[in-house]
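Notes follow once the structure below has been shown.
The values are calculated or read from the model by the stated rules, or taken from the named source; none is laboratory data. As the structure is a prediction and not an experimental result, all values here were calculated from the model. No Cβ is skipped: glycine too gets one built from the backbone with ideal geometry, and neighbour counts run over all protein chains shown. Note: areas computed on protein heavy atoms with side chains; ligands, DNA, RNA excluded. Shrake-Rupley method; radii C 1.70, N 1.55, O 1.52, S 1.80 Å.
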Amino acid sequence: MRHAIATAAAALIAVAACTADAGSGPTTGAPTATTPTPSTVDDSPRLETFELPAGAGPHDVAPAADGGVWFTAQHAGYLGHLDPTSRAVTRVPLGPGSRPHGVIVGGDGAAWVTDGGLNAIVRVDGATREVRRFDLPGDRPNVNLNTAAFDGRGVLWFTGQAGFYGRLDPATGAMTVHDAPRGRGPYGVTATPSGEIYYASLAGNHIARIDTATGAATPIDPPTAGQGARRVWSDSRGVIWVSEYNSGQLGRYDPASGQWREWKLPGGGPQTYAVYVDDRDMVWASDFGADTIVRFDPATERFTTIGLPDGAGSARQLLGRASQVWGATSGADLLFVIRT
């Protein structure tokens with residue numbers, strides 16, 4: 001199976017583009033999601049996969065400052081580093097009981113990990129691989145840590161799906177954990193170019209803006225009820241894009257106008273897991289149900305669908321660098337890159 005996946009990944013992956021109805025207007029009340037229809041074939045993006053050690057169960061990825069890629073080996077309890085050139089994988093143990101979920105790279109070049117098993121934020125030095133652990137307060141056990149983002153002042157904000165969000169000041173180690181205003185669900189989190197923080201609540205079916213000065217979170221409801229807002233990402237203008245897992249939609253919230261738009265992913269029964277906006281403001285999402293990655297062009301409202309190799313199931317988070325979009329598939333212990 002693994003040989004078949006590697007062989008398939010070496011070839012060009014054909015991608016089918018879909019065109020959404022550009023005539024649909026912003027939604028501010030009842031949902032009016034747009035359903036795409038098939039169009040032409042676009043074979044420009046190329047996908048390549050990288051095998052990881054068996055049992056890794058990779059969840060999130062983050063391009064490293066040295067040109068490699070960090071990944072959280074959630075099933076095996078370590079932070080991994082892939083060298084895309086040599087395909088070598090380095091393991092950084094995080095401690096007994098570790099179940100790392102999210103990873104991002106800070107301005108210090110270090111990998112910052114949200115570890116649900118340890119109930120801690122973990123910093124791994126990009127050069128020395130030294131591990132430093134920031135435990136959550138004792139009165140906040142089992143937060144179910146998910147993802148993190150740095151605000152404009154270098155403070156790390158994180159989510160806990162058990163109904164929490166919080167902040168860590170890396171300079172002092174000071175940490176504060178807040179109760180989410182609607183309880184369980186905080187999952188994805190993002191920072192805008194101006195340093196504002198938004199999170200998505202999967203169980204709560206909303207996104208929320210955090211006042212980084214006071215720590216208060218204000219919920220913002222998408223038009224579609226029960227949509228399952230899972231992850232969020234900001235584009236270069238501070239517009240917030242949302243992966244709506246339950247409804248299979250891609251959402252767009254403009255903080256300046258307060259208006260929403262939503263688009264249904266192509267195919268039958270999509271489950272929009274992750275969302276990422278690249279350096280050209282193209283929007284990428286993973287379809288957990290179809291084992292595909294989709295690219296959405298906001299200017300033309302066109303989807304491009306990129307199929308993963310057979311057996312490469314459970315595509316999760318996406319993140320990238322210029323001309324590269326990286327992701328992980330926990331079902332097959334693979335990382336993948338789409339070169340654009």
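Screening the stretch 189-218 for residues that are in contact with a His (Cβ under 9 Å, 6 or more places away or on another chain) and open to solvent by less than 30 Å² (accessible area, probe 1.4 Å) and picking the one that is nearest to Val242 (Cα to Cα) gives Ala200.
Out of Val143, Val155, report the one residue that is in contact with an Asp or Glu (Cβ under 7 Å, 6 or more places away or on another chain), in contact (Cβ under 8 Å) with a residue 12 or more places away in the chain and within 25 Å of Gly117 (Cβ to Cβ). Step through it out loud before you land on a result.
Working: Val143 fails: in contact with an Asp or Glu (Cβ under 7 Å, 6 or more places away or on another chain).
Only one candidate passes the filter, namely Val155.
Residue-wise test of (1) without any contact (Cβ under 8 Å) to a residue 24 or more places away in the chain; (2) among the acidic types (Asp, Glu); (3) in contact with a Gly (Cβ under 9 Å, 6 or more places away or on another chain).
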site	(1), (2), (3)
Pro63	no, no, yes
Asp66	no, yes, yes
Gly80	no, no, no
Arg87	no, no, no
Pro100	no, no, yes
Asp115	no, yes, yes
Asp125	yes, yes, yes
Glu130	yes, yes, no
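Residues that are open to solvent by 10 Å² or more (accessible area, probe 1.4 Å), touching a Ser or Thr at 6+ places or on another chain (Cβ under 6 Å), part of a strand (DSSP E or B) and at pLDDT 95 or above do occur in the stretch 297-305.
Can you run down the residue pairs with Cβ atoms below 8 Å, 6 or more apart or on separate chains, where the first is in the stretch 45-57 and on the phi < 0 side of the Ramachandran plot and modelled with pLDDT of 95 or more and the partner is acidic (Asp, Glu) and assigned to a loop (DSSP other than H, G, I, E, B)? If the second residue must be acidic (Asp, Glu) and assigned to a loop (DSSP other than H, G, I, E, B), the pairs left are Glu51/Asp333; Leu52/Asp333; Pro53/Asp333; Ala54/Asp333; Ala56/Asp333. Within the stretch 146-188, if we keep just the residues that are touching a Phe, Trp or Tyr at 6+ places or on another chain (Cβ under 8 Å) and among the charged types (D, E, K, R), the residue that is surrounded by the fewest Cβ atoms within 10 Å (Cβ to Cβ) turns out to be Asp179. Scan the stretch 260-269 for residues that are part of a loop (DSSP other than H, G, I, E, B), of a type outside the set (Gly, Ala, Ser), open to solvent by 10 Å² or more (accessible area, probe 1.4 Å) and touching a Gly at 6+ places or on another chain (Cβ under 7 Å) and report the count. Of the residues in that region, 0 qualify.
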